[in-house]
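Below: the structure, in structure tokens.
Read-outs throughout are calculated quantities, based only on the coordinates presented, and are distinct from any laboratory measurement. These numbers were taken from a predicted model, which means no experiment stands behind them. As a convention, Cβ positions derive from the backbone with ideal geometry for all residues, glycine included, and neighbour counts pool all protein chains shown.
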Amino acid sequence: MDHVDCIVAGAGVIGLAVARETAQRGMDTLILEAENAIGTGTSSRNSEVIHAGIYYPAGSLKARLCVAGREKLYRYCQERAVPHARCGKLIVATNTEQEPVLASIVANAAACGAGDLTPLTAAEARRLEPKLRCTAALLSPATGIIDSHALMLALLGDAEEHGAALSLNTRIVSGRIEGARIVLDTVDSTSGEHFEIATTRFINAAGLGAAALAGSLDGLDRQFVPRLRYAKGNYFSVASRAPFSRLVYPVPEPGGLGVHLTLDLDGVARFGPDVEWTDQLDYRVDPMRGERFYDEIRKYWPDLADGSLQPAYSGIRPKLSGPGEANADFLIQDAAVHGVEGLVNLFGIESPGLTSSLAIADHVAQRLAPNAS
């Protein structure tokens with residue numbers, strides 16, 4: 001049986017960031033990915049936004065890791081020439097009843113250490129974005145956008161440069177805890193061949209499949225395996241170029257951040273995501289869902305033309321909270337929680353996971369410190 005210092009399950013942005021960190025810390029690292037390419041799941045089906053960290057409860061992992069992660073990510077992008085832009089974001093109130101929410105956002109951002117928001121009047125906001133309709137707004141200059149695929153390639157390159165290896169088409173069927181090691185039963189999805197591999201450090205960064213993978217580990221108490229819920233988010237784009245140079249987010253509503261406008265690095269506008277609870281990994285976008293976007297978008301962009309929205313793509317978020325429940329925090333379990341040395345499970349790593357990826361990697365590596373090489 002082969003033995004590796006450290007195995008990371010999942011080659012999305014979190015798994016790759018963790019593998020980069022463990023490899024740089026001198027651990028012989030192997031990344032196992034069930035698909036035939038890196039980042040085919042949640043990592044490549046999101047808004048590609050670098051979040052400022054202003055919405056999350058103060059002291060939560062999401063708040064702490066997002067604020068730390070955004071600065072790490074901006075530095076990394078500059079050092080590694082990963083395409084990105086610190087374009088800024090406007091959070092807009094479209095009626096006077098929403099304006100007190102803006103003040104609460106400023107207070108929460110300050111409590112999270114992300115307090116660089118600038119309050120704007122409607123006139124000041126329109127000077128920045130002439131086609132915008134609002135009664136008041138906040139400017140978040142720390143918000144940006146990134147090429148997530150280029151980021152993942154850079155993370156993989158760094159990991160491999162420090163000795164890490166990537167094994168694609170490799171699905172973990174099950175595992176068992178044997179004393180100080182974890183033995184994984186894997187299958188090659190192209191040949192069907194099974195092989196076992198042992199490790200003293202195992203990081204479960206399998207995203208949508210993280211709970212199922214943890215549940216397959218013989219020796220891990222099932223009380224530490226949460227139920228993940230799938231929240232599908234649909235995105236729509238406009239055929240013509242939208243007249244905005246910054247991201248535009250409406251005031252948050254119960255259950256989400258509303259239908260927001262994001263931009264890619266080519267300036268193409270995308271709207272979404274909405275929330276569609278599902279039990280399946282079905283990424284098809286129903287064109288009819290776009291009809292309900294128009295009224296929401298026109299609250300801040302009244303010039304949106306009829307028939308201009310077209311399906312773009314969808315993503316699925318691995319959530320720990322269900323419909324009508326408050327958004328749950330990231331859940332990062334190590335031996336201090338479940339009692340298995342060398343095992344770290346990452347559950348519910350949704351937004352702001354991309355922004356937080358480098359900070360999450362550092363957080364995980366510190367949890368492995370007792371076994372570090």
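A few remarks follow.
- The residue list SER174, PHE271, GLY207 was ranked by how far each Cα lies along the charge dipole of the stretch 161-293 toward its positive end, using unit charges on Cβ atoms, and PHE271 comes out on top.
- Between 0 and 90 degrees, the angle of helix 13-24 with respect to the longest Cα principal axis of the chain falls at about 50 degrees.
- Cβ-based charge dipole, the stretch 229-284, positive-most Cα from TYR230, GLY258, TYR283: GLY258
- Sparse-neighbour loop sites [GluC sites (Glu not before Pro); the stretch 158-255; at most 14 other C-beta within 10 Å; DSSP]: GLU193
- Helix 61-80 and the long axis of the chain differ in direction by around 90°, with both axes built from C-alpha atoms.
- Gyration tensor (alpha-carbon) shape descriptor, the stretch 58-97, a/c threshold 1.5: oblate
- Entries of LYS89/LYS232; LYS62/LYS89; LYS299/LYS319 with Cα pairs more than 22 Å apart: LYS89/LYS232; LYS299/LYS319
- In the chain, the calculated helix contribution to ellipticity at 222 nm averages -8000 deg cm²/dmol per residue, counting -39,500 (n - 2.57) for every DSSP H run with n ≥ 4.
- Dipole in debye (nearest 20) - the stretch 65-152, about Cα centre, beta carbon charges: Lys, Arg +1; Asp, Glu -1: 220 debye
- Cα centroid separation - the stretch 164-183 against the stretch 190-242, whole Å: 14 Å
- For the stretch 1-87, the Cβ-based charge dipole about the Cα centre amounts to some 560 debye (Lys, Arg positive; Asp, Glu negative; other atoms uncharged).
- Selection from ALA103, ILE54, HIS84 lying farthest towards where the dipole of the stretch 42-104 points positive, charges on Cβ: HIS84
- Prolate/oblate/rounded label for the stretch 159-201 (Cα gyration tensor, a/c 1.5): oblate
- Under the combined filter of DSSP loop state and at most 15 neighbouring Cβ atoms within 10 Å, the stretch 97-193 retains these trypsin sites (Lys or Arg not before Pro): LYS131.
- Residues with amide H under 5 Å from that of GLY39, placed H, sequence gap 5 or more: ALA11, GLY12
- Crossing angle, helix 148-161 versus the chain [Cα axis fit, 0-90 degrees, rounded to tens]: 30 degrees
- Rounded to the nearest 5, the antiparallel percentage of DSSP beta bridges internal to the chain is 70%.
- Placing unit charges on the Cβ atoms only, positive for Lys and Arg and negative for Asp and Glu, gives the chain a dipole magnitude near 1040 debye about its Cα centre.
- Cα shape, the chain, gyration tensor, a/c 1.5 rule: prolate
- Most fluctuating residue given options ALA81, ALA165, ALA206, as computed from a GNM of the chain linking Cα atoms under 10 Å: ALA81
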